[in-house]
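Participant: Let me begin by handing over the structure; questions about it come next.
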Amino acid sequence: MKKRDDFLSYGRQSIDEEDVEAVVETLRSSFLTQGPKIEEFERSVADYVGARYAVAFSNGTAALHGACQAAGITLGDEVITTPITFVATANAVLYCGGKPVFADIDEHTYNIDPEKIPEKITPKTKAIMPVDFTGQPVDLDAIMNIAAEHGLVVIEDGAHSLGADYKGRKVGAIADMTIFSFHPVKPVTTGEGGIITTNSEEYYKKLLSFRSHGIFKTPHAEEQGMWYYEMTELGYNYRMTDIQAALGVSQMKKLDQFVKRRRDIAALYYELLADIPGVILPKQLENTASGWHLYMIQLDRNIVKKPRKQIFNAMREMNIGVHVHYIPVYWHPYYQKLGYEKEICPKAEKWYEQALTLPIFPGMEMGDVKQVVNTLKHALL
Ligand SMILES: *Cc1c(COP(=O)(O)O)cnc(C)c1O
């Protein structure tokens with residue numbers, strides 16, 4: 001096997017001259033922040049997913065924090081989520097004084113298993129926070145039904161799934177609130193950035209206030225004077241800049257093209273990996289189409305006798321940027337200190353031990369895909 005000249009990252013942004021021009025134009029304009037590009041970006045995302053409102057944030061984590069706050073999560077409230085996610089999902093619950101409660105995954109789709117949710121519901125449960133892990137939509141119908149039955153809010157972490165389809169609809173207008181991230185490895189980028197889409201006017205107003213110190217212009221401004229505003233809630237400065245939003249507007253124009261490319265790459269992985277013993281491929285729910293933020297396989301322990309670390313290292317040595325997403329959240333020392341026991345979610349833990357992320361991003365060539373698969377075959381020997 002020949003080593004690649006350059007390192008093939010598991011994910012990376014696609015930026016073209018049009019994106020660069022859009023950013024430069026904003027740099028030359030009157031507004032670097034709190035200007036017109038924010039609303040334009042919010043409109044483009046809201047329209048794309050078919051939601052009434054969108055509120056941009058400085059990053060996806062701030063957006064998750066905002067969504068938890070708007071949902072009224074407070075001291076002692078419980079929020080059911082998945083252990084197989086980036087720590088930001090559960091951390092947002094902690095920011096509000098709430099308690100993340102982890103429900104196990106479906107090992108075929110890697111997403112939270114809706115059947116495992118009801119047994120975790122207590123009188124303290126306020127919300128469900130599913131994650132469209134790797135870009136595959138969770139079973140939203142099942143989760144929305146459970147939520148309706150128990151009076152819970154659904155905050156969907158769609159950091160991976162902008163552009164993904166659930167039963168003929170785009171993810172982003174089905175849950176009560178959906179958050180997206182615009183980190184460079186995500187479906188489209190603003191450098192750092194996040195957004196919440198919702199159909200609720202009440203959440204929309206709360207989110208606008210929350211991202212800007214809890215301040216807004218009130219009707220009293222007229223009698224007090226034009227300078228007047230009131231702070232009515234404790235908020236933060238979680239605003240996105242117009243520079244980022246300008247990049248976002250330009251990137252949104254390419255989202256469908258990016259998603260298509262990711263789907264083509266995933267299809268080639270399915271084809272090339274189909275007959276390799278010990279390689280378990282991801283399963284897709286019926287009537288959904290993933291956005292393929294990540295392409296993750298499992299190495300069946302019963303067949304692959306080499307340790308995953310050895311296979312991982314062998315591929316990295318060939319400059320193939322394999323990765324593992326993610327360590328179960330409650331395994332982290334901080335969560336252990338909070339008192340979470342190991343083995344809460346046995347399927348998630350077993351899945352994690354076998355999981356491997358293969359590179360996928362729109363700028364990847366089909367030759368790169370073949371090289372990844374050949375290197376994997378070699379590493380498995
Ligand atoms: C990236 C990510 C986030 C956080 O987004 P940032 O924009 O990096 O703050 C949240 N949840 C998941 C699942 C993510 O992958």
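The values are calculated or read from the model by the stated rules, or taken from the named source; none is laboratory data. Computed from a prediction, not measured in an experiment: that's the story for all the values here. Glycine gets a Cβ as well: all are built from the backbone with ideal geometry, and neighbour counts include every protein chain shown.
Participant: Tell me yes or no: at least one residue of the range 138-152 is within 16 Å of the ligand (Cβ to nearest atom), in a loop (DSSP other than H, G, I, E, B) and out of contact with any Phe, Trp or Tyr (no Cβ under 8 Å at 6 or more places or on another chain).
Facilitator: Yes: one or more hits.
Participant: Looking only at helices (runs of 4 or more DSSP H) that lie completely in the range 330-380, which have at least 1 residues being closer than 21 Å to H160 by Cα?
Facilitator: Here the list reads 346-354, 366-380.
Participant: Next question, about the same structure. State which residue pairs qualify: first residue in the same structural domain as M364 (by the TED database) and of a type in the set (F, W, Y) and inside the range 182-201, second residue part of a strand (DSSP E or B) and more than 7 Å from the ligand (Cβ to nearest atom) in any location, beta carbons under 7 Å apart, and separation of 6 or more residues or different chains.
Facilitator: Every condition considered, no pair remains.
Participant: Next question, about the same structure. So the check is Cβ under 8 Å with 6+ separation or different chains; which pairs have a first residue in the range 87-112 that's free of Cβ contacts under 8 Å to residues at least 60 places away in the same chain and outside the structural domain of L285 (by the TED database) and a second one that's basic (K, R) and away from the ligand (no atom under 16 Å from the Cβ)?
Facilitator: Every condition considered, the pairs that remain are V93/K99; G98/K126; K99/K124; V101/K120.
Participant: From the list I174, I155, which one is under 19 Å from the mean Cα position of the chain (by Cα), more than 16 Å from the ligand (Cβ to nearest atom), closer than 24 Å to E202 by Cβ and not in a helix (DSSP H, G or I)?
Facilitator: I174
Participant: Follow-up question, since we're still on this one. What number of residues in the range 303-314 are surrounded by 16 or more Cβ atoms within 10 Å (Cβ to Cβ) and more than 26 Å from the chain's Cα centre (by Cα)?
Facilitator: Residues in the range 303-314 being surrounded by 16 or more Cβ atoms within 10 Å (Cβ to Cβ) and more than 26 Å from the chain's Cα centre (by Cα): 3 in total.
Condition check ((1) acidic (D, E); (2) within 16 Å of the ligand (Cβ to nearest atom)) across all residues:
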position	(1), (2)
K3	no, no
E25	yes, no
S30	no, no
I38	no, no
F41	no, yes
A46	no, no
R52	no, no
V55	no, yes
A63	no, yes
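Participant: Limited to the range 227-238, what total is found for residues that are closer than 16 Å to A70 by Cα and either surrounded by fewer than 12 Cβ atoms within 10 Å (Cβ to Cβ) or touching a Lys or Arg at 6+ places or on another chain (Cβ under 6 Å) (or both)?
Facilitator: Number satisfying all stated conditions: 4.
Participant: Could you check the range 85-95 and list, in sequence order, the residues that are more than 10 Å from the ligand (Cβ to nearest atom) and either surrounded by fewer than 23 Cβ atoms within 10 Å (Cβ to Cβ) or not hydrophobic (A, V, I, L, M, F, W, C) (or both)?
Facilitator: Matches in the range 85-95: L94, Y95.
Participant: Further, regarding this structure: Among the listed residues K260, K206, which satisfies the condition of being in contact (Cβ under 8 Å) with a residue 60 or more places away in the chain and basic (K, R)?
Facilitator: Only one candidate qualifies: K206.
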